[in-house]
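Chemist: Structure provided below as structure tokens; questions to follow.
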Amino acid sequence: MSGFHLLEPRASTFASSYDWLFFTMVVMCSVVAIGVFVVLTVFSIRYRRGASVDRTPFSGSSHPIEYAWTITPFLIFLGIFVWAAILYAEAKTPPPGALDVSVVAKQWMWKLQHSEGRREINELHLPLGRPVRLVMTSEDVIHSFYVPAFRVKQDVLPGRYTELWFQATRTGEYPLECAEYCGTDHARMTGRIIVMQPAQYATWLSRGNLAPSMAAAGEERFRSLGCSGCHGANASVHAPKLEGVFGHPVHLSDGRTVIADESYIRDSILLPTKDVVAGFVPIMPSFQGQVSEGDLLELIAYIKSLANAAPPPRQR
Ligand code: CUA
């Protein structure tokens, strides 16, 4: 840290647009607050007790003034709402083709894994200029993934996935913080994001990568847990096939249709009776307590890798 600065340097595509919104709101609030205090002070002095000023009450009304003070704030608030809503929608919509990184938070560390398999703790190496999408969950309490230089923050919750995306615009190291009080060592639950040139990143990723890819590890687990016994190509049990499912709509037995995303797959493994696929009976056992958050993310990576695979011929 060199010296004091009010805000971290802007290092993501979001940073300057969020700063503009923030500064605009600060300036507007300041103008209103200063205006109120100036009028308050002037009136207090001018109309103090004993001063000889005109105190006849104002009677009558002025429609133009009433319209002006009603419509002007309305338009300003509406403008800010639309501006912020556009930024919000952008922040909640990761572009297709983003680099996926899995994040598991626990008291008091960040465990990260690249889809190629490489794991990191409290550090995240990323390539410059490429959108990155984090799928995050917690093993215990609520944490919050916060990168001030990127102007992004997202709560990380136990029992479900939250998502965060950004695109770095400058190489360098940026602090990662936990922004939700999560226990004794909350303040020490920090790390760093290292943004590298794409070529450098590729070297980094291949050099330290001794682990199989997340999808390969997931496939291994898919067999060892016995999932393939029902969902595999040669299974005799009547279970939904998983090829071509991820990212596509799934019709459920209660008439709902959902998109098979990470949360849907997670729930199907842990709470199999929650979203039963139309045409199937809820005979699958829950795997709650048998799989860790890391296992789940690998299983999901495997099912995701089947997203574009052709369904086997004897579907349903
Ligand atoms: Cu984790 Cu605060």
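Chemist: Working carefully through the options 218, 208, 244, find the one that is surrounded by 12 or more Cβ atoms within 10 Å (Cβ to Cβ) and within 21 Å of residue 288 (Cα to Cα).
Modeler: None of the others qualify; the one that does is 218.
Chemist: I need the full set of residues from the stretch 144-187 which are loosely packed, with under 15 Cβ neighbours inside 10 Å and either near the ligand (Cβ under 9 Å from one of its atoms) or of a type in the set (Ser, Thr, Tyr) (or both), in order please.
Modeler: Those that are loosely packed, with under 15 Cβ neighbours inside 10 Å and either near the ligand (Cβ under 9 Å from one of its atoms) or of a type in the set (Ser, Thr, Tyr) (or both): 181, 183, 184, 185, 187.
Chemist: Now for a different question. Being β-branched (Val, Ile, Thr), assigned to a loop (DSSP other than H, G, I, E, B) and buried (at least 16 other Cβ atoms within 10 Å of the Cβ): is that true of residue 141 here?
Modeler: Answer is yes for this residue.
Chemist: So, one more: Could you pull out every one of the strands (runs of 3 or more DSSP E) wholly within the stretch 144-220 that has 2 or more residues that are of a type in the set (Asp, Glu)?
Modeler: Where strands (runs of 3 or more DSSP E) fall fully within the stretch 144-220 and carry at least 2 residues being of a type in the set (Asp, Glu), they are 172-178.
Chemist: Determine whether residue 7 is outside the structural domain of residue 167 (by TED's automatic domain parsing), under 21 Å from residue 75 (Cβ atoms) and touching a residue at least 60 places away in the same chain (Cβ under 8 Å).
Modeler: It is false that residue 7 is outside the structural domain of residue 167 (by TED's automatic domain parsing), under 21 Å from residue 75 (Cβ atoms) and touching a residue at least 60 places away in the same chain (Cβ under 8 Å).
Chemist: Something else about it: Give the residues of the stretch 95-116 that are β-branched (Val, Ile, Thr) and within 16 Å of the ligand (Cβ to nearest atom), sorted by residue number.
Modeler: In the first step, residues of the stretch 95-116 are kept if they are β-branched (Val, Ile, Thr); the result is 101, 103-104.
Once the filter is applied, which keeps residues that are β-branched (Val, Ile, Thr) and within 16 Å of the ligand (Cβ to nearest atom), the stretch 95-116 yields 103, 104.
A quick yes/no check of all residues on (1) in contact with a Phe, Trp or Tyr (Cβ under 7 Å, 6 or more places away or on another chain); (2) among the aliphatic types (A, V, I, L, M); (3) surrounded by 10 or more Cβ atoms within 10 Å (Cβ to Cβ):
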site	(1), (2), (3)
24	no, no, yes
74	no, no, yes
91	yes, yes, yes
109	no, yes, yes
112	no, yes, yes
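The values are calculated or read from the model by the stated rules, or taken from the named source; none is laboratory data. For clarity, every value in this text was computed on a predicted model and none was experimentally measured. Ideal geometry is used to build each Cβ from the backbone, glycine not excepted, and the neighbour counts take in all protein chains shown.
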